[in-house]
Structures are given as structure tokens and as C-alpha cells.
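Nothing in this text is a laboratory measurement; each read-out follows from the coordinates by a stated rule. Worth saying up front: this structure is predicted, and the values here are computed from it rather than measured. Note that each Cβ is placed from the backbone with ideal geometry, even for glycine, and that neighbours are counted across all protein chains shown.
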Amino acid sequence: MDPLDELRRQRIEKLEKLESLGVNPYAHAFDRTHSAAEVLGAFEPDGAASLTVAVAGRLVSLRRMGKASFAHIADASGRIQVYFAQDRLGEAGYAVFRLLDLGDFIGVKGEVFRTRTGETTIQAAELTLLSKSLRPLPIVKEKIEGDEKTVYDAFADKETRYRQRYADLAVNPDVRRTFVLRSRIVSEMRRYLEGRGYLEVETPALQPQYGGAFARPFTTHHHALDMPLYLRIADELYLKRLLVGGFEGVFEIAKDFRNEGMDRDHNPEFTMMELYVAYRDYGFMQSLVEDMVHSVCLNVLGAGTVSHQGTELRFEPPWERIPFFEAIRRRTGEDCSGMDIPALKALAAGLRLQIEGSPGRGKWLDEIFSQTVQPHLVQPTFITDYPIELSPLAKKHRSSPGLVERFEGFVAGRELCNAFSELNDPLDQRRRFQEQAGLRAAGDEEAMLLDEDFLRALEYGMPPTAGLGIGVDRLTMLLTDAPTIRDVILFPAMRPERSA
RNA sequence: GAGGGUGUAGCUCAGCUGGUAGAGCAACGGCCUUUUAAGCCGUGGGUCCAGGGUUCGAUUCCCUGCACCCUCACCA
């Protein structure tokens, strides 16, 4: 027999014994009076009144000693010790206790006391089995000495932790904490924006034509309409349509899907917050971003700085602003702003950079930037005023020809956000799309598609608008000190498991 | 996509130069009513990732495949 099956069989046998004792191994509900943490907070060892509580949780440690035992149960708030003694529970109750396994969910009712060694503990007067666990969780022993917590043989196998996140969460409280923080980060962003009058909206994830970013899409097929559909790679073009419609400030927090490589910064589906506001430009948006991110950091972590992978990141505004070409000049000593493709190619060769195919000027510039500048952008920094070739949806710079009013925020060498004064000139937008069509014809699979409906909307008229996209996963990585995006996505994309 | 690494019990890991595998925890049985990595005595548990090859013999050496991890590339 499969050894795991043997462990499961033992537990099923116990389950059957429990049923024969009249115990329902899968109860319908249990009324709690306290969480584990609340018991610890409420108990006054020297208080005159006794404290009787009902708590529920998963059995995570067990020390059996004949007719009395100690155990810990864990709920979302933490863990608390429970003392099971036959003379209190009765023989029938203790018989049920004997059939419990680590991992079972139980409810316990009883008086709180303090043990000889000083640990606040519930003396179980009643025990209710809430859910029998049939498969051994990698529950681990812990030793707590003062503030020192030692975990023995922690459940650490990354593959299993990602594939079976439920087990990871059940066993590793720090993982739960990360996802609580993620929720608070999103919640704080939402609160920040709602407090300033922005309207949260939902736009299509299934789109007849994708756009708003450079990426290959996931494609699917609508049977009833017998037509291809694409999962969105960005929200941008739909949100801008809403400004045509008269909304003056909208945002959307949603999944985007990009059919590309995966690494520690990329998951094929990821969460983006996009924001568009009328009558504003990218300068306004810079202020908004630095203020919002600082505010989120402050409200979620209680400080405006965070330690990320050993580096202290300081989010207090203002963030440094460096124009794109200036940033390259500082790193390479070269001013690329006037360079044509051969000159850029020569510079790239000098830097030992290579690009496959026959890239355009934008691609060369981007490559030079991302190799020479980006890794050095550790503290929050805005790179501003990008070359127009890189930004077909951004408005031309008001004073510098060849540039657009665009900025990207970088933190810890990673792109955090992308924003611009939105292009609202429909004739210019059409020309930019046509340039993209040219790149596409030349083999650039990620070049943008011309979107006639979007152009129609722009022709009706879109007010001057500032737009923003922030990577929610990346922001979460920064604020939770996560080294990889997989640590901030509950169920990250994985190759299929070998059939078990 | 390239290079490197890893894959052994439910979990964490040993296993030197080839001779069909060990530990701790978990599990099972026994003793134990204030323990806390509880303790003591005993027991069971393995397709050594998969498939080929070399060999008398492969967990070990070679090849191929798969998964995961790291670095680089791609993904601006």
C-alpha cells in the first residue's frame, strides 16, 4: 500500500470509530465566544471572576500523557493551549479526544487558567469535533523561548507550497500574513482613491480586440457568437472611453493577462490598478503616485519606509525625478537624445547589448535604458519624458520635440508604474497606430493594433487626461519583502502536476 | 530559450569511491493527569522523479524526459 494511503487509512478508521461513538466528524457549525488571541487578551490570572470561553481551530500540537494531555489549536488570530483531562471531560469525552489527529478542526469550551509554567490555557470541559482531517498536514513543531521562535523542519518545499497553497497557508502563518497585507494594500488604494472622488468601474476582460500595452494576448473563442475573443492585456482603452463619456475620474483594479514568459516579476495573470483623471497631466499624476504609495505604506505598515530584501526603501515624497535621456547620460556619459539607429546600435555594441531581429529606435533606447539605468533605480524614482517611439498612447511633450509626457516609477530596480498625459488628439492617435501597424508588419508581434472604435471615441472628444497603471503585485512584493511574485499570488501559474 | 542546481518515508534531511536505504519529527502499540520540539519502551512505513543504457549488480555512473529552484535572455 502507498504509505500515504496507510496514514489516511488510519485516520479513516478513527473517523469510523468516532461515528460509532455517535460523533459527527463534520459538524455544521460551532458558536465561538473568543478567538485565540482574544482569550489571551481577556484572561486575567489574578482576576476574581473566572473566564469561560468557547474557541475553535485546527489542532496543531499534541502532547498526550495518559489520561491528560496538552494541545494547541490555531485559528486565524493565533494559537492557544488547551488542556484535556479525563476527569474533566469524562471518559466518553476523553475517548473522543484520543481519536483526534493533528490537523483536525475542533471546538472547545471551558475555563481559562494558567499552567505551572505560566501559559494561558483552556481547560476543556466540552470537546466538539468540527472536521476530521484525513491527510497529514506538514505541521511542524515549534519551540518558543521568550520572543525566540524556533521552527523545526518547516514545510519549505517551494513546489509543494505553491501547488498546494492551502497546505502552505494552513501551516505557515507568515504566508497568511502576506496575503492579509496584500488585501490591506488593495483596500488602502481603494480607500485613498474613493476619498478623492474617483469612481471604481469594471471594463471587459474579454475583448474582441486587445490593446493598451505591448504584449501577446491569450486568445479564446466565443461559441454563441462564433468569434475570437482576447483576454485583456490592459484596461487602458476602455477606461479612456469612459472619459469620453463624461466620467472625470475612474479607476479599475483588475487582472490583466499577458501570454509571455514567467519569472520572479511576471505571472501570466496579474493585477493592475489603472486610473484616469480629466483635466490633469502627468505632473499631477506624479504627485498622486508618490502620495498614494506613501500613504498606503504608512497605513498598512505604520511607517513610510520598508525593508525590502535587505534595502531600506523610503517612500516619502517627493521621489526623485530624472528625465529619460538624462538618466542614460548619467550612466553612460552619452546623450542619446539625438542619436539615430546606427549610432544607438554602436553605443549598444559598446555596452555589449544585443537585440534579436531588426529593432526600431525605440527598442534600442529601451534596451540601453533597462540595462544601464534601471537596475540602479533602487529608491523610488520617476523617469520622465520618454521618446515618442516607446509610447504610442502618450501625448507629445509640450516643449520637447520627439518626447512624450510619460513617466515610469521604479523601485528596487523594478518597474512599479507607468503613466502619461494621455494622447487625446484622434488624428495623432491614428498616425501612431499606423506606425505600430508598420512595426507589426515588420514582425513585431507585440506592436499595438489599430482600434477603430477607440479612435471613434476619441473623435467625439476626450478631455485632457492623465492616466496611470500600477502593478499591484509588484507593490505588494515591495511592501511584504517578497523576493518573487509567486509569493504574493495565492495560486501562481504552474506547469501541470504529474498525474498523481 | 541558455547555463547551473535539486528531486530519497507524510515533513525536514543523511546516504563516502556502485553491493536493492537511514535519522529526527509525524504515524501505530504500551506506560504516563501541568506538558510545551513532553518523556520512556517497542513497531510499521520507501517504484530512492520517470524511462533507457553500462554492469554480475544502479538510489549511486551515463543518456533522455519531467517538475521545481537559481542565474542570464525574453517579457520595455
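Would you calculate, for chain A, the mean residue ellipticity at 222 nm contributed by helices, counting each DSSP H stretch of 4 or more residues as -39,500 (n - 2.57) and dividing by all residues, to the nearest 500?
Value at 222 nm, helices only: -10500 deg cm²/dmol.
May I ask you to list the GluC sites (Glu not before Pro) in region A:112-191 that are in a DSSP loop and have at most 10 other Cβ atoms within 10 Å of their Cβ?
Working: sites: A:Glu119, A:Glu126, A:Glu142, A:Glu145, A:Glu148, A:Glu159, A:Glu188; in loops: A:Glu119.
Listed in order of number, the matching sites amount to none.
For the pair A:Lys17 and A:Met65, what calculated FRET efficiency results from E = 1/(1 + (r/R0)^6), where r is the Cβ-Cβ distance and R0 = 30 Å, to the nearest 0.05?
So the FRET efficiency works out to roughly 0.90.
Per 0.36 nm of contour for each residue apart, how much would the distance between A:Leu199 and A:Ala76 grow if the chain were fully extended, relative to their Cα-Cα spacing? Please list the in-between numbers first.
Values: separation 123, 0.36 × 123 = 44.28 nm, distance 3.27 nm.
Result: 41.0 nm gained on full extension.
Which values of log₁₀ I(q)/I(0), to two decimal places, follow from the Debye formula for region A:198-269 at q = 0.16, 0.17 Å⁻¹ with a uniform point scatterer at every Cα?
Once normalised to I(0) and log-transformed, intensities are -0.63, -0.70.
Determine the percent antiparallel among the DSSP beta bridges restricted to region A:281-413, to the nearest 5. Mind dumping the intermediate values first?
On the way: 11 of 15 bridges.
Once the DSSP bridges in region A:281-413 are tallied, antiparallel ones form about 75 percent.
From the phi of every residue in region A:37-54, what ³J(HN,Hα) in whole Hz does the Karplus formula 6.51 cos²θ - 1.76 cosθ + 1.60 yield, where θ is phi - 60° and glycine or proline is x?
Going residue by residue, I get 5, 5, 4, 4, x, 7, 6, 10, x, 9, x, 6, 7, 7, 10, 10, 9, 10 Hz, with x marking Gly and Pro.
What three numbers, in Å, describe the spread of the alpha carbons of region A:13-62 along their principal axes, ordered from the longest?
Result, largest extent first: 43, 22, 16 Å.
How high is the FRET efficiency between A:Tyr460 and A:Asp157 when r is their beta carbon distance and R₀ equals 60 Å, given to the nearest 0.05?
My answer for the efficiency is 0.60.
Taking amide H positions as placed 1.01 Å from N in the peptide plane, with prolines and chain starts having none, which residues 5 or more places from A:Ile322, or on another chain, fall under 5 Å of its amide H?
A:Phe382, A:Ile383, A:Thr384
Counting other Cβ atoms within 10 Å, which trypsin sites (Lys or Arg not before Pro) in region A:378-407 have at most 15 and lie in a DSSP loop? Before the final figure, lay out the partial values.
Details: sites: A:Lys395, A:Lys396, A:Arg398, A:Arg406; in loops: A:Lys395, A:Arg398.
Hits after loop and neighbour filter: A:Arg398.
For region A:127-284, take the alpha-carbon Rg, divide it by the Kirkwood Rh, and send me Rg/Rh.
Details: Rg = 21.9 Å, Rh = 19.8 Å.
Reported Rg/Rh, Kirkwood definition of Rh: 1.11.
Karplus couplings for region A:3-13 from phi (6.51 cos²θ - 1.76 cosθ + 1.60, θ = phi - 60°), rounded to Hz, Gly and Pro as x?
For region A:3-13, the Karplus curve yields x, 5, 4, 4, 5, 5, 4, 4, 6, 5, 4 Hz.
Can you pull the one-decimal nm distance between simple spin-label points at A:Asp428 and A:Arg330, each 7 Å off the Cα toward Cβ?
In this crude label model, A:Asp428 to A:Arg330 measures out at 2.7 nm.
In Å, the Kirkwood hydrodynamic radius of region A:58-118 over pairs of distinct alpha carbons? Mind showing how you got there, number by number?
On the way: mean 1/r = 0.0829 Å⁻¹.
Computed over region A:58-118, the radius equals 12.1 Å.
Relative to the compact-globule scaling 2.2 N^0.38 Å, provide the ratio for the alpha-carbon radius of gyration of chain A. Before the final figure, lay out each step's value.
Details: Rg = 28.9 Å, N = 500, 2.2 N^0.38 = 23.3 Å.
In units of the globular-protein estimate, chain A measures up at 1.24.
Mind pulling the angle between the C-alpha long axis of helix A:361-372 and the longest principal axis of chain A? Nearest 10 degrees, somewhere in 0 to 90.
50 degrees
Based on the mean of other Cβ atoms within 10 Å per residue, sort peptides A:480-490, A:195-205 so the most packed one is first.
A:480-490, A:195-205
Could you tell me what % of all Cα pairs in region A:232-373 have separations over 19 Å? Intermediate values should be presented prior to the final figure.
Working: 7042 of 10011 pairs.
Taking all Cα-Cα pairs of region A:232-373, the fraction more than 19 Å apart is 70 percent.
Go through A:Thr115, A:Pro136, A:Ala205 and say which Cα lies farthest out towards the positive end of the charge dipole of region A:99-216; charges sit on Cβ, +1 for Lys and Arg, -1 for Asp and Glu.
Selected residue: A:Ala205.
log₁₀ I(q)/I(0) of region A:440-500 at q = 0.13 Å⁻¹, via Debye over equal Cα point scatterers, no solvent, to two decimals?
-0.77
With an 8 Å Cα cut-off and a minimum separation of 6 or more residues, compute the relative contact order for region A:269-338 in percent. Provide the component values of the computation, followed by the final result.
Values: 42 pairs, mean separation 13.5, N = 70.
Relative contact order here is 19 percent.
Where the centre of each part is set by its Cα atoms, how far does region A:381-441 sit from region A:74-147, in angstrom?
Cα centroid to Cα centroid, the span is 60 Å.
I'd like the GluC sites (Glu not before Pro) in region A:429-500 restricted to DSSP loop residues with at most 13 other Cβ atoms within 10 Å, sorted by number. Walk me through the numbers before you get to the answer.
Details: sites: A:Glu435, A:Glu445, A:Glu446, A:Glu452, A:Glu459, A:Glu497; in loops: A:Glu445, A:Glu446, A:Glu497.
Of the GluC sites (Glu not before Pro), the ones in loops of region A:429-500 whose Cβ has at most 13 other Cβ atoms within 10 Å are A:Glu445, A:Glu497.
Quick check for you: which residues of region A:109-137 have the amide N under 16 Å from the point 7 Å beyond the Cα of A:Ala27 toward its beta carbon?
A:109-111, A:122-133
How large is ³J(HN,Hα) for each residue in region A:209-215, as worked out from phi by the Karplus curve 6.51 cos²θ - 1.76 cosθ + 1.60 (θ = phi - 60°), to whole Hz, x for Gly and Pro?
Taking θ as phi minus 60°, the curve returns 9, 9, x, x, 7, 9, 5 Hz for region A:209-215.
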